[in-house]
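Here's the structure we're looking at; comments come further down.
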Amino acid sequence: MTTTRRGGQAGPVSDAGRAPRSADRPAAAADRSVPGDTLARELLDGLAEAVVTADARGVVSLVNAMAAELLPEVTPGSTLAGVAVPPLAEAARDGAASFEAEHRGRQLRGACRPLRAGGCAWYVRDVTDERTRTDALLAERSRTAFLARAGSRLGLSLHREQTLRTTVTLAVPYLADAAVVVHRPPPPAPADAGPVWVRFADGDPAPVSGSGPAGLPGSVPGLAEALDGERTDASPYLDAELSDLGQVLPAGFGRPGSALVTPMLGAGGASGALIVVRRPGRAGFDRRDVEVVREFAARAGAALATADLYGEQTHLARVLQTSLLPPEMPEIPGVSLAGGYRAAGDSLRIGGDFYDVSVTADGGTFALGDVCGKGVGAAVLTGRVRQSLQTLRLVEPRPLELMALLNRALFDAPEATRRSQFTTLLLGTFTVEPDGALCLRVAGGGHPSPLVVGVDGDVRPATVGGMPVGALASARFVETRIRLAPGELLLAYTDGVTEARGGPGVLEMFGETRLRQALASGAGLPPRAMIDRVLQLVDEWLDGQSQDDIAMLAIAPTSPHPGP
């Protein structure tokens, strides 16, 4: 019997290669003595749809070849409302114009058309394959949309715990009724630390985390292999093999119906293992489900590896920041000190500007510098300059001589000239005189001159010159002496202060004139208050605009303010 016409286009069917209709389907035989009836019969038998006609009394008068194949219960002479095809019989009794229902394992769709001579004709089509293809297409679209949404969500997470929680919540309820990620704790946890897990089940308010038990990897088939990064084919497991999985499932979940274990692979191996569990009332994992779970686990593994890498970089940056951030000011009798620091940008709190203060037997030393560049590259050179200064101070405390030694050390560093790295710098010492004044010796290496704020608000520069440190092997430097009387203050600063761009025109520089005005109006303030005042004025000038690195250092005697 030929069935290839099911769902095809209606049209004539050739007699070649098949027996005559009378031998094929005797149930469909009719009076073929009239040539017109014979032609109509052949046309109806060639249709891809089942055609059943009935007279005005509802008695079946004609059944074409496809109807005899698709609806063998319907024969000429039977009553349409009583045939053993429930959806057709019910539609005939109710006077319905169409129906769609399952019959003998096939999905049928029927439509009724009235005939001019009375009665009606039912056109019935087998849409099983069409429905299957449609359902498959919709399912594939749903899977694609899920993976796209999962990739987008996972890509937004850069923290390990957030990535783990996102993974299990995305998997429920689309992939399973519960999801568990089992993973090894990241460093600095010991290598023999037991497994930890994150779980989310349908109906839970939020993911739940836990640890152990130590035997968990061996209690679930395939889990130990997945944690070791073995690229074995993921396969579903029956509930008989999952008796120990209840240790990481909610108390009221019950025995799992089926589960799927797959590794979460990243660039460096397995980041963990994903277990998805379905209850007994839900269908198990078919081949396409396994493929989707594996793809989802791979994306989650890549996101988790990225989060781990980000965590390592954050930790390294934090360590670097801790070592390079300006130190706490020491307590030096007779001296008041304060520093101000702002790094350019928001990602790092370190940059190319720095200050440093050390205690000596008769007072202290200080340094304030501006390294060429910004960000990590400048911070690395900053660290090298500060470390070099700490070492060279052990053999040379005098500012001018120390500057020359530092220049030689930086210039002789590998690839220093090729990278054109240099720094402008102020190096100084201060001692407390018997009358409470401070005596400073300041060496300049191409840095802006510090400003001295007098008791009466007069602001004057303490002129220093010199050439940048680390730029030329034969660089020359200059030293000057400054005396700070009680009530006076010295402010050393980097050009990030005067070159801060903002104001009404957005691009106008803050400038030295505004800096001097700010210092003059704050005459008599202690160093800490003076630094805060200048930083506040610069922030207001910038009004949220990007800035260069800023470093400031204020030094003043702590003896009583002189009388009028």
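The values are calculated or read from the model by the stated rules, or taken from the named source; none is laboratory data. From a predicted model like this one, the values you see are computed outputs, not experimental measurements. Heads up, the Cβs are rebuilt from the backbone with ideal geometry, glycines too, and the neighbour counts pull from every protein chain shown. For the accessible areas, the whole protein counts, side chains as well, though only heavy atoms, and no ligand, DNA or RNA atoms are used. Shrake-Rupley method; radii C 1.70, N 1.55, O 1.52, S 1.80 Å.
Couplings 3J(HN,Hα) for the stretch 512-522, derived from phi with the Karplus relation 6.51 cos²θ - 1.76 cosθ + 1.60 (θ = phi - 60°), are 6, 4, 5, 5, 5, 4, 5, 5, 5, 6, x Hz, where x marks Gly and Pro. Electrostatic bookkeeping for Arg149 treats Lys and Arg as +1 and Asp and Glu as -1; over the other residues with beta carbon under 14 Å from its beta carbon, the sum is +3. When each of the peptides 504-515, 253-264 is scored by how many other beta carbons lie within 10 Å of its residues on average, the order from highest to lowest is 253-264, 504-515. Near Ala56, once Lys and Arg are set to +1 and Asp and Glu to -1 for all other residues with Cβ below 15 Å from its Cβ, the sum equals +2. Each of Leu472 and Arg149 was given a label point 7 Å from its Cα along the Cα-to-Cβ line. The distance between the two points is 6.7 nm.
If only the Cβ of Lys and Arg carry +1 and only the Cβ of Asp and Glu carry -1, the dipole of the stretch 57-214 around its Cα centre is close to 400 debye.
To the nearest 10, the accessible area of Thr144 is 80 Å² with a 1.4 Å probe. Modelled spin labels at Val395 and His159, positioned 7 Å past Cα toward Cβ, are 4.8 nm from each other.
Hey, can you rank 484-494, 128-138, 400-410 by average C-beta count inside 10 Å, highest first? Don't jump to the answer; show the numbers that get you there.
Details: 484-494: 22.9, 128-138: 11.9, 400-410: 20.7.
Packing order, densest peptide first, comes out as 484-494, 400-410, 128-138.
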